[in-house]
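In what follows, a single structure is set out as C-alpha cells and then discussed.
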Amino acid sequence: MSQLSEALGRANREDMPLREIERRAEKLGKPLTISTISRYMRGQHPSQPNLDVIRAFAAVFGTDTSHILEDAKLPAVGSRFELPAKADLLDDSERQAILHLIDVMAAKKKG
C-alpha cells in the first residue's frame with residue numbers, strides 16, 4: 001500500500017468495487033481502466049501519479065482532488081496555467097519579467 005492508495009481507500013466511503021468505480025468514472029466522462037484502478041488502489045501506481053487519474057477518482061468518490069492529494073501527503077497541483085491572448089502584446093523584457101515572477105513564486109511553493 002502507498003499513502004495515495006490509502007487516501008483513495010478512505011475517499012471510497014461507499015466501499016465501491018473496482019467495476020463500480022470503472023462504471024461511474026465512465027459515466028462522469030473520466031474513464032479509467034480496471035487495471036489502472038487496481039494499480040492505484042493497491043499502491044502499485046507510478047511514483048509520480050497521473051493527475052488526470054486522481055481527478056477521475058475524486059469525481060467518482062465525490063471529493064476534491066486537493067483533498068486526496070493532501071490526505072496522501074502529495075503536493076497540491078493546480079490546473080495548467082496559460083496566459084491570456086492579450087499577453088501577446090508584451091515585449092520581450094515584459095515577458096521576461098513575468099517569467100521571472102513565475103519562477104520566484106513556484107520556487108517559494110516548492111520550499
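The values are calculated or read from the model by the stated rules, or taken from the named source; none is laboratory data. Nothing here was measured: the structure is a model prediction, and the numbers come from that model. Calculation scope for accessible area: heavy atoms of the full protein, side chains included, ligands and nucleic acids excluded. Shrake-Rupley method; radii C 1.70, N 1.55, O 1.52, S 1.80 Å.
Listed values, structure above:
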read-out: Correct option for Kirkwood radius over Cα pairs in Å [calculated from the coordinates] among (i) 15.9; (ii) 13.8; (iii) 15.6; value: (i)
read-out: The chain - percent of accessible surface contributed by carbon and sulfur, probe 1.4 Å; value: 53
read-out: GNM flexibility winner over the chain from ASP91, ASP64, ASP52 (Cα, springs under 10 Å); value: ASP91
read-out: Which of VAL104, VAL60 is most accessible, then next, and so on - probe 1.4 Å; value: VAL104, VAL60
read-out: Cα gyration tensor category, rounded, prolate or oblate, for the stretch 1-47 with a/c compared to 1.5; value: oblate
read-out: Per-residue ³J(HN,Hα) for the stretch 9-22, Karplus 6.51 cos²θ - 1.76 cosθ + 1.60, θ = phi - 60°, Hz, x for Gly and Pro; value: x, 5, 5, 7, 5, 7, 6, 5, x, 4, 5, 6, 4, 4
read-out: Per residue, in Å², the accessible surface of the chain once ligands and nucleic acids are set aside, probe 1.4 Å; value: 73
read-out: Relative contact order computed over the chain (Cα-Cα under 8 Å; 6+ residues apart), in percent; value: 31
read-out: Above-threshold pairs, the threshold being 31 Å between Cα atoms, out of LYS86/LYS108; LYS27/LYS109; LYS27/LYS108; value: LYS27/LYS109; LYS27/LYS108
read-out: Relative contact order (%) - criterion: Cα under 8 Å, at least six apart; region: the stretch 10-72; value: 37
